[in-house]
Amino acid sequence: MSGPDWGPTASIETLKLRALMLRRAREYFAATDAFEVETPSLVRVAVTDVHLESLEVRHAGGGHAE
């Protein structure tokens, strides 16, 4: 099965620069004994961890996020 060719839309120079910036940030945090974590910015349901707070998010027009 074959499909269309896929490739990044960024130039290789841009991708290399991005990788360098991420590496330097991670090196800094590793040197300061910080932990890297991944957290969702917006989710449809509240968190299940009692130690995390849910945040109310409003659109620029003043309405609630759905």
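The values are calculated or read from the model by the stated rules, or taken from the named source; none is laboratory data. Note that this is a predicted model, so its numbers are computed, not measured.
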* Taking segment 19-32 as the region of interest, how many residues are modelled with pLDDT under 95 and either assigned to a loop (DSSP other than H, G, I, E, B) or among the basic types (K, R) (or both)? -> 1
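In this structure, is E38 at pLDDT 90 or above and of a type outside the set (F, W, Y)?
Details: at pLDDT 90 or above: no; of a type outside the set (F, W, Y): yes.
No.
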